[in-house]
1. Against the longest principal axis of the chain, how steep is helix 90-107, in degrees 0 to 90 to the nearest 10, with axes from Cα atoms?
2. Which order do peptides 27-37, 200-210 fall in by mean Cβ count within 10 Å, highest first?
3. Place the peptides 107-115, 38-46 in order of packing, highest mean first, counting for every residue the other Cβ atoms within 10 Å and averaging per peptide.
4. Quick one: Debye curve from the alpha-carbon atoms of the chain only, equal weights, vacuum; give me log10 I(q)/I(0) at q = 0.11 Å⁻¹ to two decimals.
5. Quick one: Cα convex hull volume of the range 133-299, Å³ per residue?
6. Would you kindly calculate the mean projected area, averaged across all directions, of the convex hull enclosing the Cα atoms of the range 180-275, in square nanometres?
7. Where does helix 116-127 land angle-wise versus the long Cα axis of the chain, in degrees 0 to 90, nearest 10?
8. Quickly rank 189-195, 86-92, 237-243 as a protection proxy: mean count of other C-beta atoms within 10 Å, highest first.
């Protein structure tokens with residue numbers, strides 16, 4: 001190991017994945033441990049916050065221990081501990097944050113708080129060694145939908161955001177309504193693979209000349225269509241409905257991202273967040289990038305969902321930029337990103 005190498009231990013517990021990872025120099029994953037609760041929460045149709053927090057308590061230290069062992073390092077080798085402190089479920093965040101504080105208090109290692117959304121962006125650095133700012137990022141998840149101008153590793157400018165529901169939330173809600181269950185995103189994606197993307201038509205909401213999004217009307221339109229179809233005694237064709245709905249949402253995301261690229265002149269675009277794993281979004285973004293001379297990046301599927309490697313990567317760039325947090329750092333469930 002080079003004496004100039006910086007090793008970051010990342011800890012993530014913002015929702016229903018308990019994760020720990022060791023990353024070298026913000027780019028190289030030495031370990032990536034994830035304990036998922038998805039199957040457990042599936043029986044309830046979604047994440048139960050209190051139960052999620054309890055499961056994080058049970059899993060957090062075994063994950064950290066496994067991450068250190070897999071990376072073949074000890075806490076003495078770690079330069080700093082990076083931990084998600086928001087946004088997310090407050091109880092879940094506090095578990096990871098408390099574990100990180102305990103490690104820092106006992107070892108004297110610096111604590112670096114990380115915005116979960118910045119972590120999703122940094123997942124791309126772990127997959128593409130050549131990627132450097134400046135670029136545009138479409139960050140899409142269950143709680144957020146934003147177009148971000150990544151001016152530097154730690155300087156982010158929000159160009160567009162959702163004014164109501166996030167795209168991921170709109171997909172998850174409809175997945176539950178049509179009986180696909182939790183987690184809605186992956187199940188909706190799988191259900192629509194052989195469907196007709198033109199079988200059903202949904203409304204669109206335009207936010208004037210801005211790059212902002214609105215998905216509440218699309219979600220309501222889908223609910224109305226489902227109810228009207230059932231009132232007629234007809235069945236929803238799940239494969240066609242899933243395909244049409246996801247294609248429509250992806251089309252809106254892609255149109256706004258292309259508009260941002262044209263306005264800024266930036267030719268490099270990244271996808272980030274859980275919805276960046278969606279095959280309908282990836283296909284349309286691939287087509288747009290190819291037809292408009294854009295360079296497109298998106299993380300491998302494992303790094304699209306919540307993980308600690310992305311938190312360690314983000315923590316590295318914050319660390320070398322001089323960030324150090326006090327042990328009084330608190331969870332920020334509604335933490336915003338950028339400016």
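Readers should treat all values here as calculations from the given coordinates under stated rules, not as data from a laboratory. Bear in mind the structure is a predicted one, so any value in this text is a computation, not a measurement. All Cβ positions, even for glycine, are placed from backbone atoms using ideal geometry, and neighbour counts span all protein chains on display.
1. 20 degrees
2. On the way: 27-37: 19.1, 200-210: 13.2.
In descending order of packing, they fall as 27-37, 200-210.
3. 107-115, 38-46
4. One equal scatterer on each Cα of the chain leads to -0.70.
5. Working: hull volume 17.6 nm³, N = 167.
Spelled out: Cα convex hull of the range 133-299, divided by residues, is 105 Å³.
6. Orientation-averaged projected area of the Cα hull: 7.3 nm².
7. Its long axis makes an angle of about 80 degrees.
8. 86-92, 237-243, 189-195
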